[in-house]
Amino acid sequence: MKFHSESLNVTQKTDCLVVGIYENAEFSVNAEKVDQATAHYLSDLLKSGDFKGKLAETLLVHTPNQPFTRLLLVGCGKKAPLNETQYKKIIKAVVQTLKSTTAQHIHLLLNDIEIKDRNEYWAVRFAIESISEALYDYDEFKSTKAEPTQLAKFCFNSENLAETEKAIQHAQAVALGVKFAKNVANCPPNVCNPAYLAELAKGLDSEYSQISTTIVDETQMAELKMNSYLAVSRGSENPAYMSIIEYKNAPNPDAKPIVLVGKGLTFDSGGISIKPSAAMDEMKYDMGGAASVYGTMKAVAELQLPINVIGVLAGCENMPDGKAYRPGDILTTMSGKTVEVLNTDAEGRLVLCDALTYVERFEPECVIDIATLTGACVVGLGHVNTGLISKDDQFVDQLLNASKQAHDYTWRLPMNEEYQDDLKSNFADLANVGSRAGGAITAGIFLSNFTENYTWAHLDIAGTAWQSGAAKGATGRPVPLLTQFLINKAQ
Ligand code: BES
Ligand code: MN
Ligand code: ZN
């Protein structure tokens with residue numbers, strides 16, 4: 001798909017001209033221009049009253065005597081600045097309608113639609129991200145593939161070409177990162193296993209000169225004393241692999257890297273503390289953190305950001321087996337701290353604690369782990385906000401700011417030291433689970449015991465990495481948030 005911005009004129013040739021109409025047939029600025037240029041064709045069209053201008057309502061008409069072959073009216077609701085979600089709905093409705101046509105070249109005259117507290121840069125960015133979202137389809141494993149879209153080019157009307165060109169560049173990278181993350185996450189667990197994640201990580205190395213990937217296998221993990229990570233993997237026939245994707249492009253090559261660590265449980269059965277069978281298939285998404293790190297590395301490499309970033313995909317599978325780790329086991333983690341396993345389904349933190357100790361060697365500027373870590377986070381925040389845990393207020397501000405900018409919602413959870421008491425064990429330094437109360441927080445608190453040597457934040461994406469039900473599928477979150485955070489860091 002091509003995106004382009006220019007100062008558009010309603011008299012230019014195009015397969016489809018798209019304009020916004022508010023409720024009660026109120027014209028947007030561009031609709032007014034179309035009306036003038038077409039001897040009030042638009043006014044006449046609206047006289048029937050069929051088109052109400054309700055948010056995301058569409059009306060597609062063929063316009064034989066005009067320079068544009070089709071005119072697509074899209075409803076913008078009441079005439080007032082829209083919020084981001086409303087704006088994205090409009091764009092998606094436009095794409096849904098255009099999908100069923102043979103139109104290839106589209107002129108979007110929607111730059112007059114105001115989004116509250118957002119400039120043209122963001123209007124273009126969200127438009128492209130939404131177009132990509134609306135065109136996404138995962139049919140890798142279907143015999144009958146979806147018809148490829150005829151849509152080939154979207155032109156944005158703009159007077160501020162420098163800003164909109166930057167928006168196009170950023171949006172395409174974010175959209176690509178989201179798409180890559182979705183594709184990996186949607187991939188079934190009999191295909192997407194830890195070795196598969198490692199192959200993807202190596203693929204980035206081949207594709208980009210700034211990326212070098214190294215794979216840590218189980219033998220190396222044993223040498224490194226990553227016993228906690230290995231314990232989780234022990235019940236699986238699919239060996240664990242931890243992929244280290246190093247992107248080096250800072251002007252100062254010795255600049256400290258920003259490290260992203262993604263939980264990559266390619267399937268989480270719960271292990272011996274096995275999960276109930278309902279919706280267990282969705283535990284293929286337990287590698288959503290790793291998928292988002294992969295997608296973000298892709299976006300960063302596409303943008304050639306002048307920073308150093310290291311992405312870690314902590315690949316592993318949690319299965320019950322004769323060799324599997326059990327409740328009651330005491331593990332000596334890479335850090336030397338011992339952990340009593342009370343529940344083998346709290347495996348993410350056991351994989352992450354060793355991965356988080358491992359990354360100390362990079363002397364990171366900061367570390368963010370991204371994990372589908374707790375059902376408790378879903379109970380607390382639902383499917384709207386990602387949970388954020390960190391002790392560092394300044395770091396939290398940076399992440400919350402990127403989250404707001406990217407429209408990828410995140411909410412901070414508390415982490416007072418008193419929560420530590422919940423993880424006391426009679427037999428080891430720590431237990432791997434606490435009581436049910438505050439489960440998302442105690443999971444973060446558990447990890448905080450292994451991240452004392454650097455600036456750290458934890459993102460719990462259990463509620464936001466995928467959707468269930470009829471629209472079951474990966475969301476690609478929080479690639480927009482992470483990419484925005486890194487774009488900000490590069491400035
Ligand atoms: N991967 C799950 C968390 C999860 C559950 C994410 C449901 C999304 C939906 C994680 O490994 C897990 O099983 N966590 C347990 C922890 C508990 C045993 C303390 C949970 O949340 O139930
Ligand atoms: Mn689990
Ligand atoms: Zn899990």
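The values are calculated or read from the model by the stated rules, or taken from the named source; none is laboratory data. Note that this is a predicted model, so its numbers are computed, not measured. Counting neighbours? That spans all protein chains shown, and the Cβs are built from the backbone with ideal geometry, glycine included. Quick note on the areas: whole protein, heavy atoms, side chains included, nothing else; ligands and nucleic acids left out. Shrake-Rupley method; radii C 1.70, N 1.55, O 1.52, S 1.80 Å.
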Taking segment 283-294 and the residues there that are under 17 Å from the mean Cα position of the chain (by Cα) and within 8 Å of ligand 1 (Cβ to nearest atom), the one that is nearest to residue 187 (Cα to Cα) would be 285
Among 387, 380, the single one that is closer than 26 Å to residue 285 by Cα, within 15 Å of ligand 1 (Cβ to nearest atom) and open to solvent by 50 Å² or more (accessible area, probe 1.4 Å) is 380
Given the conditions (1) touching a residue at least 40 places away in the same chain (Cβ under 8 Å); (2) not in a helix (DSSP H, G or I), every one holds for residue 328 apart from (1)
Restricting attention to segment 248-265, the residues that are away from ligand 2 (no atom under 16 Å from the Cβ), farther than 14 Å from residue 210 by Cβ, of a type outside the set (A, V, I, L, M, F, W, C) and not in a loop (DSSP other than H, G, I, E, B) number exactly 0
Problem set entry | Selection status of residue 476, touching a strand residue (DSSP E or B) at 6+ places or on another chain (Cβ under 9 Å) and modelled with pLDDT of 95 or more | no
Worksheet item: Is it the case that residue 287 is open to solvent by 10 Å² or more (accessible area, probe 1.4 Å) and within 16 Å of ligand 2 (Cβ to nearest atom)?
Response: no
- Message: Checking the structure you have, find out if any residue of segment 438-460 is away from ligand 2 (no atom under 16 Å from the Cβ), more than 29 Å from residue 284 (Cα to Cα), open to solvent by less than 60 Å² (accessible area, probe 1.4 Å) and in the same structural domain as residue 309 (by TED's automatic domain parsing).
- Response: yes
The condition of being over 14 Å from residue 194 (Cα atoms) and touching a helix residue (DSSP H, G or I) at 6+ places or on another chain (Cβ under 9 Å) holds, among 292, 277, only for 292
From the option list 219, 214, 144, single residue qualifying as within 25 Å of the chain's Cα centre (by Cα) and modelled with pLDDT of 95 or more is 214
By residue number, the members of segment 437-491 that are assigned to a helix (DSSP H, G or I), under 30 Å from residue 141 (Cβ atoms) and hydroxyl-bearing (Ser, Thr, Tyr) are 483
Screening 201, 185, 173, 162 for residues that are buried (at least 22 other Cβ atoms within 10 Å of the Cβ) and within 23 Å of residue 5 (Cα to Cα) leaves only 173
Here the residues within segment 63-91 that are part of a loop (DSSP other than H, G, I, E, B) and of a type in the set (S, T, N, Q) are 63, 65, 66, 69, 83
Residue 341 fails exactly one of (1) away from ligand 2 (no atom under 14 Å from the Cβ); (2) open to solvent by less than 20 Å² (accessible area, probe 1.4 Å); (3) not hydroxyl-bearing (Ser, Thr, Tyr), namely (1)
The number of residues in segment 453-491 that are among the charged types (D, E, K, R) and farther than 25 Å from residue 303 by Cβ is 2
Among 247, 241, the single one that is among the hydroxyl-bearing types (Ser, Thr, Tyr) and either open to solvent by 10 Å² or more (accessible area, probe 1.4 Å) or out of contact with any Gly (no Cβ under 9 Å at 6 or more places or on another chain) (or both) is 241
Verdict on residue 55 being under 28 Å from residue 167 (Cα atoms) and in a loop (DSSP other than H, G, I, E, B)
yes
How many residues of segment 6-35 are touching a Pro at 6+ places or on another chain (Cβ under 8 Å) and open to solvent by 70 Å² or more (accessible area, probe 1.4 Å)? The answer is 2
If you go through 42, 60, the only one that is in a strand (DSSP E or B), more than 27 Å from the chain's Cα centre (by Cα) and more than 19 Å from residue 156 (Cβ to Cβ) is 60
Subset of segment 294-338, residues open to solvent by less than 10 Å² (accessible area, probe 1.4 Å) and within 16 Å of ligand 3 (Cβ to nearest atom), comes to 313, 314, 315, 316, 318, 324, 325
Checked pairs for segment 424-436, first closer than 16 Å to residue 376 by Cβ and part of a strand (DSSP E or B), second modelled with pLDDT of 95 or more and more than 10 Å from ligand 1 (Cβ to nearest atom), C-beta under 8 Å and 6 or more apart or across chains, list as 431/339; 431/340; 431/423; 431/424; 431/425
Checklist entry - residue 275: open to solvent by less than 40 Å² (accessible area, probe 1.4 Å), of a type in the set (Lys, Arg) and within 16 Å of ligand 2 (Cβ to nearest atom), yes or no? => result no
